[in-house]
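The values are calculated or read from the model by the stated rules, or taken from the named source; none is laboratory data. Keep in mind that what you see is a predicted model, and the values were worked out from it rather than measured. Methodologically, a virtual Cβ is constructed for each residue, glycine included, from the backbone with ideal geometry; neighbour enumeration extends over all protein chains shown. Side chains are part of the model used for accessible areas, which takes the heavy atoms of the whole protein and leaves out ligands, DNA and RNA. Shrake-Rupley method; radii C 1.70, N 1.55, O 1.52, S 1.80 Å.
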Amino acid sequence: MGIVRRLGWVGMAVAATLAAAPAHAQKAKDELRVVWRNVIPNVDPYFNGLRDGVVFAHHVWDHLIERDPDTFAYRPGLATEWKWVDDTTLDLTLRQGVRFHDGSPFGAEDVVHTLNYIARPENKALYQRNTNWIRNAETVDAHKVRIHLHRPFPPAIEFLSLPIFIFSRSYTGPEEQNKRPIGTGPYRVAAIEPGKEYRFERFAEHYEGSPKGKARIGKVQVRIITDAATELAELLAGRADLLWYVDADQVPSIQRQRNLRTVSAETMRIGYLVLDAAGRSGADNPLTRQKVRQAILHAIDRKSFVDNLVQGEARVIHAPCFPTQLGCDDTSAPKYAFDPTKAKALLAEAGFPNGFRTQLMAFRSRVWTEAIQADLKAVGIDAEVNMLPVATLIQRFQKGETPIYQGDWGSFSVNDASAIVSTFFKGGEDDYARDRQVKEWLDIADNSNDVAVRKANYKKAIDRIMEQAYWVPLNTFVTNYAHTAELDFRAYKDEIPRYFVYSWK
Amino acid sequence: MTAAQPTGAAPAPVAPGPRTLAWRRARGHLGLMTGAGVLALILAMALLAPLVAPHDPYTGSLARRRIPPIWHAWLYDSPKAGWTYPLGTDRLGRDYLSRLIYGSRISLVIGVSAMLISGFIGSTLGLLAGYFGGKVDMIVNFFVTTRLSLPVVLVALAVVALTGSSLLVLVLVLGLLLWDRFAVVMRAATQQARSLDYVAAAEAIGCSTPYLLLREVLPNVLNPLIVVATIEMANAILLEAALSFLGLGVRPPQPSWGLMLAEAKEEIFFNTWMIALPGIALFVLVLSINLLGDGARDVTAPENRN
């Protein structure tokens, strides 16, 4: 063992001792300090699609039905009972004695107001997939509501327990919500500085019998730091207690710190490339040719990408969905092996023997994106890398400005293929394939009550998506958390950290 | 302006000429010699990059990523470090040494070309303002004031964000933004030179204005420009690194030192060498250029030394 290494350990020990002091103080203050990476455009969960926003929502608002984070079983939330009257009508009995953060009582009016607001297309909820299956809701009596669907929608309960949060009857839209969010959740928002900081306080009157339980830590402070290195500096210096999306390369080094812990958990998120098959970024661009897209699938060494960069439990995937999602079946979809020679041959067949220039836009990790760039370069495709902040990039993606988009999607943790395949392949702003056939199959799959029919049609859609090579499915995600040893932390497979569950050791 | 005597003044036969004197001073000037030596070394490295670099700077293997540099084998018993990659590999498995060597090309190309462009613009404006004075001077002063009120980094960021970045755009942007010092220094020097007797004499015998400007004034005001040129070259190199670091300069996978810093940013706490190496490279290059400029000033115009 080298002397310098020994000195290094001593240095680390000193640093750890120094850093440990503020954490103790934190326990006394009963305030958990979390750092998020992304700026949420609006905290209203119907008007942002960022994971940070989802986490925000899970703390401030509640669902009618709550899904158990471990077993995925449904538990009574704001609704104590629910019953399908027929394929398109759902009756719910609401819980009594629930209060909002402002003290007002919760009732049928709140539910009906929220659902009707988000279901109206003119209110432009950001991800229509989450809300456009609801036709309307009506009050049956003060504690009973009835939801009407446009068509049968089997994953309705799943959606009610994840992206559909219930607001109060005073809700007037995202603008007001972003200033004074009022919910029934275990934490109430004490202060909000958009793009900078959120402060939460335990809501003592969070309803009895909530599957979430009452918050154990009194206060949560969330700061937004858009730079990974700065985030880590905050943690190492003892000015933050919990980080997530920590760079996998840093995890072993953080783990070696005496006062810090890391947790790596596979989540429902998948990483992928969206290829502009529909020519939205430029009519007749090379990506509109099927062979070019297939060449790209063959060009990327996904195994090496997953093993060396994503690391941990991450896996290569061959379909545009997470393997456990209902309908996510890649058995008959073509699998593209890593084969640069074949990629080059396909490019030549498509009329690009010398490759072409294009753009690769991404937000997550410069290194990951440059690895993809290098693989493309090896077969002659010259992709200019453009790293953008996530909110900006999603806007440009939805406007149709990204030739190759490297993204990832957590499906709002909905364990059903519709939450991803039907978001990206049904002709909306997020669809770069614009394939009518795929949309038809997805329509059948989304709106059939017969599980076999659903599975068969998702499978057909996935087969076609992969044959046409609209997407390059890359990997399942591993989310890395780093936290102070003081914190009793656990990760959930739905990728939603639950601050109300955590406590100090 | 005694260093470069007017050509008419022949040196006394016994005393050494100004050039010989300058050379003597140069050889005794530690800073100048160090700067010139290091710069020459970097220049040679840049020119001979394909011969010197042990690996391809663009292709790496993910399986060989983040190999630490050789001293980790000596100091920390790192089993991965070795002579195959003496300075280690980056986060994509590309050889760090080769990328640093190729990176010097980008820095030098941008530094020299931006300096030439800004030098041309600045000295032309300065020469005209200093020689003609009056309205011309007023107009040039207006341009200089306007330019000085533009924050360089901000303008460069905006332009690059609008036009997209490439080496050419970067060189042009930096060249068009860094000419103010040239203009100011050139103007002051020209104003001095203009009133000297040999200019008046040339004017009296009927030399044309272009002749006066280019043959009488210009050669005698070049000295202070050398220092400005080195400062601006160093400035351009640092700006390129800054822009690349911000993702608005040289595009990956080009091995720009600024980009290498950006790529290694997340490693700053546990793999300090990754960020230190390109940082040191930038530091050494800029220092050597500044030493060279400083030395050149001392040698050619020793009376300005302080």
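Overview of results
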item	result
Per-residue average of Cβ from other chains inside 10 Å of B:97-108	0
Under 20 Å from the Cα of residue A:29 - aspartates and glutamates, other chains or at least 8 residues apart	A:197, A:201, A:234, A:241, A:486, A:488
Buried on assembly, region B:251-290 (at least 30 Å² less accessible surface than by itself, 1.4 Å probe)	B:251, B:252, B:253, B:263, B:265, B:266, B:269, B:270
Unit charges at the beta carbon, dipole of region B:94-304: most positive-side option, B:233, B:248, B:258	B:248
Number of partner chain Cβ atoms within 10 Å, mean per residue of B:203-211	0
Interface residues, region A:243-281 - accessible area loss of 50 Å² or more versus chain alone, probe 1.4 Å	A:249, A:250
Sulfur and carbon atoms: percent of accessible area, chain B [1.4 Å]	70
Choice from B:102, B:58, B:131 showing the highest fluctuation, given a GNM over chain B with Cα pairs closer than 10 Å	B:58
Considering only the protein assembly as shown, percent of DSSP beta bridges that pair antiparallel, nearest 5	75
Alpha-carbon centroid distance for the pair region A:81-154 / region B:25-71, whole angstrom	67
Sites residue B:59 and residue A:318, calculated FRET efficiency, Cβ-Cβ separation with R0 41 Å, nearest 0.05	0.95
For region B:94-304, size of Cβ-based charge dipole, Lys and Arg +1, Asp and Glu -1, in debye	380
Span-rule helices in chain A, defined as complete DSSP H runs reaching 24 Å or more along the axis (Cα) with Kyte mean at least 0.0	A:3-29
Residue-normalised accessible area of the protein assembly as shown, given per residue in Å² at a 1.4 Å probe	41
Rg/Rg_globular for region B:189-306, with Rg_globular taken as 2.2 N^0.38 Å and Rg from C-alpha atoms	1.61
Rounded to the nearest 10 Å², the accessible area of residue B:257 at probe 1.4 Å	10
Set of aspartates and glutamates near residue A:144 by C-alpha distance (under 13 Å), chain-local residues within fewer than 8 positions excluded	A:81, A:91, A:109, A:110
Helix-only CD estimate at 222 nm, as mean residue ellipticity for chain B, using -39500 (n - 2.57) per DSSP H run (n ≥ 4)	-21000 deg cm²/dmol
Surface share of carbon and sulfur [accessible, 1.4 angstrom probe, percent] for region A:118-235	46
Nearest-20 debye value, region A:269-476 charge dipole, Cβ charges on Lys, Arg, Asp, Glu	200
Relative contact order [Cα under 8 Å, 6+ residues apart], chain A, whole percent	20
Solvent-accessible area buried by pairing B with A, both sides, nearest 100 square angstrom, 1.4 angstrom probe	2300
Cysteines in the protein assembly as shown lacking a second Cys C-beta under 4.7 Å	B:207
Largest to smallest accessible area among A:488, B:298 [probe 1.4 Å]	A:488, B:298
Size descriptor, Kirkwood hydrodynamic radius, that averages inverse alpha-carbon separations across region B:204-244, Å	12.6
Cα pair distances in region A:383-438, grouped into 5 Å bins until the bin that holds the longest one, percent each	4, 17, 24, 24, 19, 9, 3
Paramagnetic reach from residue B:51 in region B:101-115 [backbone N under 20 Å; point 7 Å along Cα→Cβ]	B:101-106, B:108-109
Cα-based equivalent ellipsoid, the protein assembly as shown: semi-axes from gyration tensor eigenvalues, Å	61, 29, 28
Volume per residue of the C-alpha convex hull in region A:269-476, rounded to whole Å³	107
Degrees between helix B:134-148 axis and first principal axis of chain B (Cα, 0 to 90, nearest 10)	10
Computed [θ] at 222 nm, deg cm²/dmol, chain A (DSSP H ≥ 4; -39,500 (n - 2.57); rounded to nearest 500)	-9000 deg cm²/dmol
Estimated inter-spin distance, residue A:255 and residue A:86, nm [label 7 Å along Cα→Cβ]	5.7
Student exercise, chain A dipole from Lys, Arg, Asp, Glu Cβ charges, in Debye to nearest 20	900
Residue of B:90, B:197, B:56 that the Gaussian network model of chain B assigns the largest fluctuation, springs spanning Cα pairs under 10 Å	B:197
Mean separation of Cα contacts under 8 Å, 6 or more apart, over the residue count of region B:94-304: relative contact order %	27
Chain-alone versus full-assembly comparison, region A:361-382, residues with accessible loss of at least 40 Å² (1.4 Å probe)	A:366, A:367, A:370, A:373
Dipole-positive endmost among A:290, A:204, A:413 within chain A (Cβ charges, Cα centre)	A:204
For chain B, alpha-carbon Rg and Dmax in angstrom	23.3, 79
Positive dipole terminus of region A:425-505, leading residue within A:425, A:453, A:480 (C-beta point charges)	A:453
